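What follows is a set of notes on a single structure, which appears directly below.
Here, each number is a calculation from the coordinates, and none is a lab measurement. Note that the structure is a prediction, hence the values are computed from the model and not measured. Note that we place each Cβ from the backbone using ideal geometry, even for glycine, and neighbour counts take in every protein chain shown.
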Amino acid sequence: MTRAVCRFIGDKTPPGVFPPTEEVFERDELVLADTWYASLFESLNWAVALDDRLQREWIGDDWASEFEGGELARAIRYARNSIHHDWAEAFEPLDDDGQIFQPWENVVWLQWRESLPKERPDPTGEAAYEEYLAGESVGNTLLQINQTMADAVKLHRRAQTVLSGIQQRSDERIRELTRKPDPT
């Protein structure tokens, strides 16, 4: 996900240096629209894929409500469900007249729509959207969700490792207790 986010914001800092430097947001250049749209949608699809996996595997009811930054993931989930995976509908339209190249500022300051269609009622998701995404910069929210997902995945992996160790010790203890005594 980090690579896709870096491609979207045009970050040319060395791998592993995150968040990006201030210069990333203050460039005066044109960018190829297809390139940044592709990286934007890739970033959002990674966020959704990680959210889905965490939702499935998290120990507890809902990872998003139990993890700092998780409400941003809930907001992105709501956006995806509201627009039926047609991400372009979630953003304020650009005044681009079909231009192949876009000014850099259009990329960085692309904004989420103030409101989305309400075809699938989800008051919790809608509230998260209104608080964390509505009217906000897509670039900034991608940086935030990237960090949230990285932290959540690290924690999830650590928890899985601990649980695996506990399960292994438990299995060994059960085998030990149920082993038939050696008749000799």
On full extension of the chain, what length is gained from Arg173 through Glu29, given 0.36 nm per residue of separation minus the C-alpha to C-alpha distance?
45.4 nm
Under 17 Å by backbone N from the virtual spin label 7 Å along Cα-to-Cβ at Gln147, the residues of the stretch 68-110 are 68-74
What distance in nm separates the simple spin-label points at Arg7 and Asp182, each placed 7 Å from Cα in the Cβ direction?
6.1 nm
Going by Cα centres, the stretch 103-169 and the stretch 40-73 are how many Å apart?
6 Å
Please arrange Val138, Val108, Val31 by counting, for each residue, the other beta carbons lying within 10 Å of its beta carbon, fewest first.
Val31, Val108, Val138
Rank the residues Phe67, Phe41, Phe101 as a footprinting-exposure proxy: fewest other Cβ atoms within 10 Å of their Cβ go first.
Phe101, Phe41, Phe67
Would you please give the residues with an amide H less than 5 Å from that of Phe91, counting only those at least 5 places away or on a separate chain, with H modeled from the backbone geometry?
Arg113
Going residue by residue through the stretch 71-80, the Karplus relation 6.51 cos²θ - 1.76 cosθ + 1.60 with θ = phi - 60° gives ³J(HN,Hα) values, rounded to whole Hz and with x marking Gly or Pro, of 5, 5, 5, 4, 5, 5, 4, 4, 4, 4
Would you work out if the stretch 30-92 is rounded, prolate or oblate? Take a ≥ b ≥ c from the square roots of the eigenvalues of the alpha-carbon gyration tensor; rounded if a/c is under 1.5, else prolate when a/b is larger than b/c, oblate otherwise.
prolate
Return the sequence-ordered ³J(HN,Hα) values of the stretch 141-154 in whole Hz as given by the Karplus equation 6.51 cos²θ - 1.76 cosθ + 1.60 applied to θ = phi - 60°, using x for Gly and Pro.
5, 5, 4, 5, 5, 4, 5, 4, 5, 4, 5, 5, 5, 4
With just the Cα atoms of the stretch 57-177, tell me how far they stretch along each of the three principal axes, in Å, largest first.
74, 32, 21
Going by C-beta contacts inside 10 Å, put Tyr129, Tyr37 in order with the fewest on the left.
Tyr37, Tyr129
Using DSSP to call loops (not H, G, I, E or B), can you name the trypsin sites (Lys or Arg not before Pro) in the stretch 59-145 whose Cβ has at most 15 other Cβ atoms within 10 angstrom?
Lys118
